[in-house]
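Readers should treat all values here as calculations from the given coordinates under stated rules, not as data from a laboratory. This is a predicted model, so every value here is computed, not measured. Every residue, glycine as well, gets a Cβ built from its backbone with ideal geometry; the counts of neighbours run over all protein chains shown.
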Amino acid sequence: MEFATLQDHALITLLLCVAAYLGGSISSAILVCRLFGLPDPRTGGSNNPGATNVLRLGGKPAAAMTLCGDVLKGVIPVLAAIHWLELPLLIAALAGWFAFIGHLFPVFFQFQGGKGVATAFGMLFALHWPTGLLTGAIWLVLFIPLRISSLASMVAFLAMPVIAAFWIPAAVWPMVLLSVVLIGRHHSNIRKLLTGEELGFRNNK
């Protein structure tokens, strides 16, 4: 059934996924840091071009702009697929997945992207807001006491496919792929967590 869904919408799925990848390749963190005159997030702080690192490098206004840009990259292609093109949920999830991959490996910035957490959350909320809300709640429950964004993100997205399987089974396999890639993208954070070197926010601005 899933293959038939993709086959029936092959051309529009291809075009939408390419557009989503290109949109995801626009690095909000790098552009915002240039706008604010901040260090390149790929070479400062945790060396990750994402909102968390921009917060460390430049404070809340720059981080908020980065976060909004990254979230919108996940929201726009999913909403376009569902509400504008009226495509099945599976294709909308694939479009969001390609936006996520664009954020991780941006063609416009030498394929040096972020961890994709904000873009993944944008995709989730646009695709099925209860799934996004519950995943976000897990993130908050861990982040508030521990103040370690990477750990909260990995646990939340480890749980996310189980949540998706219950509420949106038609789109579950792109959700599994997203979680696997996102957690794999945090391999350096996992090493730092094991050695006690991971950056939190207790001693950072």
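Summing charges over all other residues whose Cβ lies under 14 Å from the Cβ of Phe109, with Lys and Arg as +1 and Asp and Glu as -1, gives +1. Approximating the spin labels as points 7 Å out from Cα along Cα→Cβ, the Leu177-to-Thr43 distance works out to 3.4 nm. If the segment from Phe111 to Glu86 were pulled out straight at 0.36 nm per residue, it would be longer than the present Cα-Cα gap by 5.9 nm.
Mind ranking 19-32, 115-128 by how tightly packed they are, going by the mean number of other C-beta atoms within 10 angstrom, highest first? Working shown, then result.
Numbers: 19-32: 22.6, 115-128: 26.8.
The peptides rank, most packed first, as 115-128, 19-32.
Looking at the P(r) of the chain, how many percent of alpha-carbon pairs lie beyond 22 Å? Result: 46 percent of Cα pairs exceed 22 Å. Listing Lys60, Lys192 from fewest to most neighbouring C-beta atoms within 10 Å gives Lys60, Lys192.
Can you give me the angle between helix 89-104 and the longest principal axis of the chain, using Cα atoms only, in degrees from 0 to 90, rounded to the nearest 10? For helix 89-104, the angle is close to 30 degrees. With a Förster radius of 25 Å applied to the C-beta separation of Lys192 and Ile144, the computed FRET efficiency comes to 0.75.
Per-residue 3J(HN,Hα) values for segment 170-186, derived from phi via the Karplus relation 6.51 cos²θ - 1.76 cosθ + 1.60 with θ = phi - 60°, read 5, 10, 5, 6, x, 5, 5, 4, 4, 5, 4, 5, 4, 5, x, 5, 8 Hz in sequence order (x marks Gly and Pro). For segment 131-149, the residues whose amide N sits under 19 Å from a probe point set 7 Å from the Cα of Trp167 along the beta carbon direction are 131-143.
Can you give the calculated 222 nm mean residue ellipticity of the chain, where each DSSP H run of n ≥ 4 adds -39,500 (n - 2.57) and the sum is split over every residue, rounded to the nearest 500 deg cm²/dmol? It lands at -22500 deg cm²/dmol.
Converting phi to 3J(HN,Hα) with the Karplus coefficients 6.51, -1.76 and 1.60 and the offset θ = phi - 60°, segment 146-155 yields 8, 6, 10, 5, 4, 5, 4, 5, 5, 5 Hz in sequence order, with x at every glycine or proline.
Inter-part distance, segment 130-154 to segment 59-123, computed on C-alpha centroids, equals 19 Å.
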